[in-house]
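For reference, the structure I am asking about is given below.
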Amino acid sequence: MTLTREAPLITTPVVRRKPRTRDGWVTAIMVAPATVLYIVMLIVPVGLALYLSLTDWDGFSANPAFVGAANYVNLLDDPELRRAALVTLLVAAAGTAGLNLLGLGFALLVNGVSRANTFFRIVLFYPHVLSALVVGFLWSAILGTTGAVNNLVTTWGGEVLPFLSDPTWATITMIAVLVWAGFGVNVVLYLAGLQAVPHSLIEAARIDGATRLQVFRNVTLPALGPSVTVNIVLSLVTLLKTYDLVVSLTAGGPAGQTQTVAYLILWNSFHDARLGFGSAQSVLLMLVTAALAFVVTRLRRRGELAVHQ
């Protein structure tokens, strides 16, 4: 008779997981500052603007008078707003093209690791560090009727150039100054995109006999699709809400011909004490900006997908 020893029964202890209450509280505490900041800095101002846009308020009276959609109806019959809207769209379109063309061009020039490129990157980005008000006053002192350039021109026997006194010249000057002050950011963003382009693709194209132009058009530019989209949207949104440089460079002149929508909002709200009407204009500008940014992003995404297919 053979005796066999039975193997002991091994049981796996059941581990009961504690509810992750502590982890949830930690996550909530970590997210709370950003959430509060988002609500205070964005949600509350937007809600307040929506409320004030339905009132007739001068900014001083205790109880704003509720007028419903009257401010929005008056927007349709406001010739100043229509003129400012045309100026804003012109500035946004021409400025976005200028910012991206110069940004990409200079990014290609300083794309490389060297001391000279580092120096030029700093120089190109420096105008963006300056306040827009400072930039406006600086160029007003240079291009104004009695500015440095016109003083030199008149000293040499020439006539005064109407950089800021003629509507067409003033608009072109304003766009040029905006591009000069802002394209450094585009340079930085395009440099980041260029550094992400696979070097192996560029080398393969060169081995196949492609010229520099062909490499840029068929390899570099398609790879820069996301960077182009980001730059276009950021430039467009920034230029649509331009007001500070207008204040210091042209003050909306001559004869209100360089007023942008954002500048007109400030003028109506604080100079004319029509905060309700100005709030309606700001809500309209916010909606148009969001719509244009959405449309441009969708079109750019479709273009990127078409290139990669």
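The values are calculated or read from the model by the stated rules, or taken from the named source; none is laboratory data. All values reported here derive from a predicted model rather than from experimental measurement. Every residue, glycine as well, gets a Cβ built from its backbone with ideal geometry; the counts of neighbours run over all protein chains shown. With ligands, DNA and RNA removed, areas are computed over all heavy atoms of the protein, side chains included. Shrake-Rupley method; radii C 1.70, N 1.55, O 1.52, S 1.80 Å.
Among residues other than Ala273 whose Cβ falls under 12 Å from its Cβ, what is the net charge (Lys/Arg +1, Asp/Glu -1)?
Value of the local net charge: -2.
For a test of the definition: using alpha carbon positions, the gyration tensor, and the 1.5 limit on a/c, classify the range 93-132 as rounded, prolate or oblate.
oblate
Just tell me, in residue order, which DSSP H segments of the chain are both 15 angstrom or longer along the helix axis (alpha-carbon based) and at least 1.6 in mean Kyte-Doolittle hydropathy. Before the final figure, lay out the partial values.
On the way: long enough: 21-38 (25 Å, 0.77); 79-109 (45 Å, 1.33); 115-129 (21 Å, 0.51); 132-143 (16 Å, 2.38); 167-195 (42 Å, 1.45); 225-240 (23 Å, 1.75); 275-308 (49 Å, 0.93).
TM-like helix candidates: 132-143, 225-240.
Counting only the heavy atoms of the protein chains, how much of His199 is accessible to a 1.4 Å probe, in Å² to the nearest 10?
110
Just check the range 245-309 against the gyration tensor rule for me: Cα atoms, a ≥ b ≥ c as the square roots of the eigenvalues, rounded for a/c under 1.5, and otherwise prolate or oblate depending on whether a/b exceeds b/c. Please list the in-between numbers first.
Numbers: a/c = 5.29, a/b = 2.19, b/c = 2.42.
Oblate, because a/c is 1.5 or more while a/b does not exceed b/c.
Right, next: Using per-residue counts of other Cβ atoms within 10 Å, averaged over each peptide, order 273-285, 65-77, 39-51, 252-264 from highest down.
Working: 273-285: 22.8, 65-77: 13.5, 39-51: 11.8, 252-264: 20.1.
In descending order of packing, they fall as 273-285, 252-264, 65-77, 39-51.
Tell me, what % of the accessible area of the chain is carbon and sulfur with a 1.4 angstrom probe?
69
Okay, moving on. Comparing Val153, Val187, Val295, which has the greatest mean-square fluctuation in the GNM of the chain with Cα pairs linked when under 10 Å apart?
Highest fluctuation among the options: Val153.
Anyone know which of Leu133, Leu104, Leu178 comes out most mobile in the 10 Å Cα GNM of the chain?
Judging by the Gaussian network model, the answer is Leu133.
Could you give the radius of gyration (one decimal) and Dmax (whole number) of the Cα atoms in the range 176-309, in Å?
When restricted to Cα atoms, the range 176-309 yields Rg and Dmax of 20.3, 67 Å.
A further question follows. List the extent of the Cα atoms of the range 155-195 along each of their three principal axes, largest first, rounded to whole Å.
So the extents along the principal axes, rounded to whole Å, are 50, 24, 11.
Choose one answer from Asp56, Asp78, Asp166: the residue with the largest mean-square fluctuation in a GNM of the chain with alpha-carbon springs under 10 Å.
It is Asp78.
Percent of alpha carbon pairs in the chain separated by more than 34 Å?
Considering the chain, 45 percent of its Cα-Cα pairs are separated by more than 34 Å.
How charged is the neighbourhood of Asp56? Take every other residue with its Cβ under 13 Å from the Cβ of Asp56, and add Lys/Arg as +1 and Asp/Glu as -1.
That sum, taken over residues with Cβ under 13 Å, equals -1.
In square angstrom, what is the accessible area per residue of the chain with a 1.4 angstrom probe?
Ligands and nucleic acids excluded, the figure is 64 Å² per residue.
Another question, then. Where does the chain land at 222 nm, in deg cm²/dmol rounded to the nearest 500, when only DSSP H runs of n ≥ 4 count, each adding -39500 (n - 2.57), divided by all residues?
Taken over the chain, the calculation gives -21500 deg cm²/dmol.
If every alpha-carbon in the range 117-229 counts as one equal scatterer, what log10 I(q)/I(0) does Debye give at q = 0.10, 0.14, 0.17, 0.20 1/Å?
With no solvent term, the Cα-only Debye profile gives -0.51, -0.76, -0.88, -1.03.
Shape of the range 20-136 from its Cα gyration tensor (a ≥ b ≥ c, root eigenvalues): rounded if a/c is under 1.5, otherwise prolate when a/b > b/c, or oblate? Numbers along the way, then the final one.
Working: a/c = 2.95, a/b = 1.26, b/c = 2.34.
Verdict is oblate for the range 20-136.
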